[in-house]
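Note sheet for the following structure.
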Amino acid sequence: SDAVSIHDLQKHYVVGGETVKALRGVSFDVPVGDYLSIMGPSGSGKSTLLNLLGCLDRPTSGSFELGGVDVARMADDQLAETRATSLGIVFQSFNLLPSLTVVENIELPLYYSGRLGRGARERCEQLAKRVGLGNRMDHRPTQLSGGQQQRVAIARSLANDPRFILADEPTGNLDSQTTDDILHLLDELNQEGRTLIIVTHEDEVAERTKRTIVLRDGQVQSDKRRA
Ligand code: ADP
Ligand code: ADP
């Protein structure tokens, strides 16, 4: 079955009376367990597509199904619920809250999804350990290196145990050794059956994935699966 199915997706922005067609009819399916990278030059529509896949924005037209459910037609509260429970999102800039500790940052999605109940703290401590931050749980983000901050963000993306993980240039701000550690963590998430989609401009990242879609001018230029 498909984790994601999109058909003839269009996204237009109207800026000062001009219409910018950021996505011009994008279609593809992502089977459960796939590990997909999305590449393409600046302005080709990658961020726009990721915002739609992450339920952060809505398409102008076309269909988008997440786990067989039509997301494009969901009411706002349902969309927020889907985002909170089905999706983990990892950003280039980590997006951690500076006033919270590592374990509190990991707990945030549970807070937003109303699941901050019994056992939550312990589960988030387990996640901190899983990403190698068992001895940093009470640190604040400013006390951590970039790679450690991205580990927190990955642990946070797992708080609700989502089946589907999106990452936007997850290694864009990291040096090469740290990049390798983070990619290894992402590989593991896919190996345990989660569907991963990574937007990247780095060949080194794309080569680890099972399949690469290249966007150009808001359309799919190529869609290749690795042997
Ligand atoms: P990429 O991530 O590949 O650089 P984007 O999705 O950011 O591409 O941009 C695709 C096109 O849509 C570009 O022409 C960009 O300027 C435009 N665009 C993106 N977001 C907006 C927005 N919020 N408002 C207006 N135009 C936008
Ligand atoms: P990236 O390097 O990730 O592609 P961009 O610089 O394209 O980032 O976009 C950063 C943010 O600005 C995104 O949220 C995108 O939607 C928005 N954006 C991009 N182009 C425009 C635009 N022409 N007008 C308004 N917002 C835009």
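The values are calculated or read from the model by the stated rules, or taken from the named source; none is laboratory data. Nothing here was measured: the structure is a model prediction, and the numbers come from that model. Methodologically, a virtual Cβ is constructed for each residue, glycine included, from the backbone with ideal geometry; neighbour enumeration extends over all protein chains shown. The protein model used for the area step is the full one, side chains on, heavy atoms only, and it has no ligands, DNA or RNA in it. Shrake-Rupley method; radii C 1.70, N 1.55, O 1.52, S 1.80 Å.
Compared with the dominant principal axis of the Cα atoms in the chain, helix 102-112 is inclined by about 50°. Extension gain for the segment V69 to Q221, taken as residue separation times 0.36 nm less the Cα-Cα distance, is 52.1 nm to one decimal.
Taken one residue at a time, the phi angles of the stretch 166-180 give Karplus couplings (6.51, -1.76, 1.60, θ = phi - 60°) of 10, 9, 9, 6, x, 10, x, 10, 10, 6, 5, 5, 5, 4, 4 Hz. Gly and Pro are set to x. Cross-link partners of K129 among aspartates and glutamates, defined as those whose alpha carbon lies under 16 angstrom from its own and excluding same-chain residues fewer than eight positions apart: E104, E107, D138, D161, D181, E188. Each part gets one Cα centre, and for the stretch 202-222 versus the stretch 110-189 those centres are 25 Å apart. The candidates V214, V32, V205, arranged from most to least accessible area with a 1.4 Å probe in the full protein assembly, appear as V32, V214, V205.
Convert 10 °C to kelvin, take the viscosity as 1.306 mPa s, use the Kirkwood radius over C-alpha pairs of the stretch 124-227 as Rh, and evaluate the Stokes-Einstein diffusion coefficient in µm²/s, rounded to a whole number.
107
Under a 5 Å amide H cut-off, with hydrogens placed 1.01 Å from N, A3 pairs with V30, V32 among residues at least 5 apart or on other chains. Note on the chain: Rg/Rh from C-alpha atoms, Kirkwood Rh, equals 0.97. The slack in the chain from S99 to L116, taken as 0.36 nm per residue of separation less the alpha-carbon distance, amounts to 4.3 nm. Computed extension length for D175-D187: 2.5 nm, one decimal, from 0.36 nm per residue of separation with the Cα-Cα distance subtracted.
Put simply, the amide H of V220, placed in the peptide plane, has neighbours under 5 Å in S27, leaving out anything fewer than 5 places away on its chain. Under the simplified labelling scheme, the T85-S42 pair shows an inter-label distance of 4.1 nm, with each label point 7 Å from Cα along Cα→Cβ. Taking the three principal axes of the alpha carbon atoms in the stretch 36-113, the coordinate ranges are 41, 32, 20 Å, sorted in descending order. For K11, the lysines whose Cα falls under 30 Å of its own Cα, not counting residues fewer than eight places away in the same chain, are K21, K46, K210, K224. Here the stretch 3-160 exposes an accessible surface that is 47 percent carbon and sulfur, computed with a 1.4 Å probe and the other protein chains kept in place.
GNM on the chain, alpha-carbon springs under 10 angstrom: the most fluctuating residue among L185, L56, L166 is L56.
Taking amide H as placed 1.01 Å from N in the peptide plane, I198 has its amide H under 5 Å from the amide H of L36, S37, I38, A167, each at least 5 places away in sequence or on another chain. Taking every DSSP helix (H) stretch of at least 4 residues in the chain, weighting each as -39,500 (n - 2.57) and dividing the sum by the residue count yields a mean residue ellipticity at 222 nm of -9500 deg cm²/dmol. Quote the FRET efficiency, to the nearest 0.05, computed for D8 versus D77 with a Förster distance R0 of 35 Å and r equal to the Cβ-Cβ distance. According to the calculation, E is roughly 0.85.
Comparing Cα centroids, the stretch 43-57 and the stretch 64-85 end up 15 angstrom apart.
Secondary structure note: in the chain, about 60% of the DSSP beta bridges are antiparallel. Against the chain, whose longest principal axis is taken from its Cα atoms, helix 76-86 shows a tilt of about 60°.
Structure remark: mean-square fluctuation, Gaussian network model of the chain, C-alpha springs under 10 Å; the largest value among A120, A206, A128 belongs to A120.
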